[in-house]
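Scroll down for the structure; my scribbles are underneath it.
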Amino acid sequence: MKKINIITLGCSKNTVDSEHLAAQLAAMGYKIVFDSDRTDANVVVINTCGFIGDAKQESVDTILRAAALKERGKIEELFVIGCLSQRYADELRGELPEVDDFFGVNDWADIVERLGAKYRKEAQTERELSTPSHYAYLKIAEGCNWMCGYCAIPLIRGRHRSVPIEDVVAEAEKLAEKGVRELMVIAQDTTYYGLDLYGKRRLAELLERLCRIEKIEWIRLHYAYPTEFPDDVIEVMAREKKICRYLDIPFQHISDNQLAAMKRRHTKADAYRLVEKLRAAIPDIALRTTLLVGYPGETEADFEELQQFVRDCRFDRLGVFAYSEEEGTYSATRLRDDVSEDVKQSRVDRIMRLQERISLENNARRVGQTMRVVIDRKEGDFYIGRSEYDSPEVDQEIVIDSGSKRLLRGRFYEVRITDAEDYDLYATLL
C-alpha cells in the first residue's frame with residue numbers, strides 16, 4: 001500500500017481540493033498523510049498557491065525541498081497541482097525536471113489516474129479531512145466574475161461556477177456524519193452563489209438548508225463580496241441560531257478613487273451603508289475584513305480615508321496586505337506600480353497599529369461576559385478554544401483554565417472571560 005503525502009499551500013479553498021483528492025485516492029487503497037514532514041511517503045503531491053508573490057515563492061520553495069528529497073531517494077514520485085501549476089506549468093517543467101508531472105486546478109481526474117487509481121464521479125462529495133475532525137471548510141463555488149484590477153483568481157480559476165445546492169448539502173451531511181460540528185462556508189464570492197445556475201442568488205436558501213442538518217452546530221460565512229449584498233442573507237443570519245454572528249467581508253479599500261482604480265463595484269457610501277445595515281440587523285455581529293494598501297495611485301489622502309474607515313467601523317478582525325503586481329491582471333498591464341515598497345510597508349504597519357488598539361478595546365469589553373466556546377486543542381495546562389466570533393487559523397483564540405476538569409476537543413462549553421490582550425482572550429470554565 002503506497003503512502004501519499006499531500007502538502008497544501010495557500011487558502012482554505014485549496015484545503016478542500018486536497019481533501020477531495022485524498023478521498024479519491026484513499027478509496028483505491030492509498031494511505032494518505034497531510035502536510036507531513038516525514039519522508040517515508042512514496043509519493044508527494046504539492047497543492048500550490050499562485051495568488052501573490054509571497055505565496056508563489058513559498059510554493060516554489062516547497063517544491064524545491066521535495067525535489068531535493070527525491071534526488072536523495074527519500075521519495076519515489078513528486079507531483080505538483082493547483083494554482084501555481086495552472087499558471088506556470090510550462091516554465092516549471094523546464095526548471096524542475098525532478099517533478100514527475102504538473103496538473104492545473106481542474107485536472108483532478110488526471111492526477112488520480114496518473115497515480116494509478118480510478119476517478120469516481122459518484123464520490124465528488126466525499127472528503128478525507130486534513131483539519132481537526134470537528135470543523136471543515138465547505139466550498140460552494142469556484143472561480144469569480146468580478147475581475148478586480150489586482151486579482152489573478154479569475155485568470156487562474158475561471159468564471160464563477162456554483163456547486164448545485166443538493167451537492168453542497170450532501171457533502172455537508174457527510175461531513176456531519178464524520179463528526180464535523182462547524183462549517184466554514186467559502187468561495188471566492190459566497191454572496192454570488194446560485195446566480196449562474198439558477199438565475200438568482202440563493203445563498204440564503206442554501207444557509208437555511210445547512211441549518212437543518214441536525215449535527216451541525218455552527219455555520220460561518222467567509223469571503224462575502226460587498227457589492228449587491230443580498231438582504232435575505234442578512235435576514236437569515238439574524239434569524240438562524242446556528243449561523244455564527246460573524247461575517248468575513250473583504251472591503252479592500254474605502255477611497256472612491258482607489259475603489260474605482262481597483263475596479264471594485266462598490267463605493268465608499270455603499271460600504272458604510274452595508275456595515276450599518278449589518279450591525280442594525282445583527283447587533284453583536286463580528287466583522288472581519290481585509291484591506292489592500294499601496295495600490296497604484298494610492299495617495300496619502302486615500303490612505304487617510306482608509307484609516308478613518310477603520311476607526312469608524314472598529315472591525316473585530318482585520319488583515320491588511322501590501323499590493324504586489326500580479327502578471328496578467330489589469331493593474332499589472334495598465335497601471336504603474338508607483339508606490340514604493342517602503343511606503344507600502346509603512347501603511348501596512350500603520351493600519352495594524354491602529355487595529356491593535358481597536359482590538360484590545362473590543363476585547364476588553366468582553367471581560368466578565370459568559371461565552372460558548374468550542375475546544376480546538378490543549379497546550380500545556382490550558383485548553384485553546386474559540387467563540388462564534390472567531391474562525392480557526394485566522395482569528396484570535398480563548399485560553400481556558402479548566403481547573404482540573406478534562407475538556408474534549410470539538411465539544412462546546414460555557415466559559416467566563418477573565419482577561420484580554422490585543423488578539424487573545426482568557427477565560428475560566430463555568
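A few notes on this one:
- Multiplying the residue separation of L430 and R273 by 0.36 nm and removing their Cα-Cα distance gives an extension gain of 52.6 nm.
- Annotation note: GluC sites (Glu not before Pro) in the range 1-81 located in DSSP loop regions with a Cβ neighbour count of at most 15 within 10 Å are E76.
- Antiparallel bridge percentage (DSSP; both residues within the range 291-394; nearest 5): 60 percent
- Label zone (A170, point 7 Å along Cα-to-C-beta; backbone nitrogen cut-off 18 Å) within the range 137-153: 138-142.
- Residue-by-residue Karplus 3J(HN,Hα) for the range 212-228, coefficients 6.51, -1.76, 1.60, Hz, glycine and proline x: 7, 6, 4, 7, 7, 10, 10, 10, 10, 10, 10, 6, 9, 5, x, 6, 6
- Orphan Cys of the chain, criterion: no other Cys C-beta under 4.7 Å: C11, C49, C83, C144, C211, C244, C313
- For the chain, calculated [θ]222 nm from helices alone, where every DSSP H run of n ≥ 4 adds -39500 (n - 2.57): -11000 deg cm²/dmol
- Taking amide H as placed 1.01 Å from N in the peptide plane, the amide H of I7 sits under 5 Å from that of D35, V45, I46, N47, each at least 5 places away or on another chain.
- Normalising the Debye intensity of the chain to I(0), with uniform scatterers on Cα atoms only, and taking log10 at q = 0.06, 0.09 Å⁻¹ returns -0.26, -0.61.
- Each 5 Å bin from zero up to the one holding the largest Cα-Cα distance in the range 135-364 carries the following percent of pairs: 1, 6, 13, 17, 18, 16, 13, 9, 5, 1, 0.
- Restricting the range 74-139 to trypsin sites (Lys or Arg not before Pro) in coil, as DSSP defines it, with at most 16 other Cβ within 10 Å: K74, K118, R120
- Loop trypsin sites (Lys or Arg not before Pro), the range 298-407 (other Cβ atoms within 10 Å of the site Cβ: 11 or fewer; DSSP): R336, R365, K405, R406
- Once the Cα-Cα distance is subtracted from the 0.36 nm per residue extended length, the E98 to C211 segment shows a gain of 36.0 nm.
- For the range 343-398, a Kirkwood radius taken over Cα pairs fed into Stokes-Einstein (10 °C, viscosity 1.306 mPa s) yields D = 119 µm²/s.
Bear in mind that the values in this text are calculations on the coordinates, not laboratory data. The shown structure was predicted, so the numbers you read here are calculated from the model rather than taken from an experiment. For neighbour counting, all protein chains shown are included, and Cβ atoms are generated from backbone atoms with ideal geometry for every residue, glycine included.
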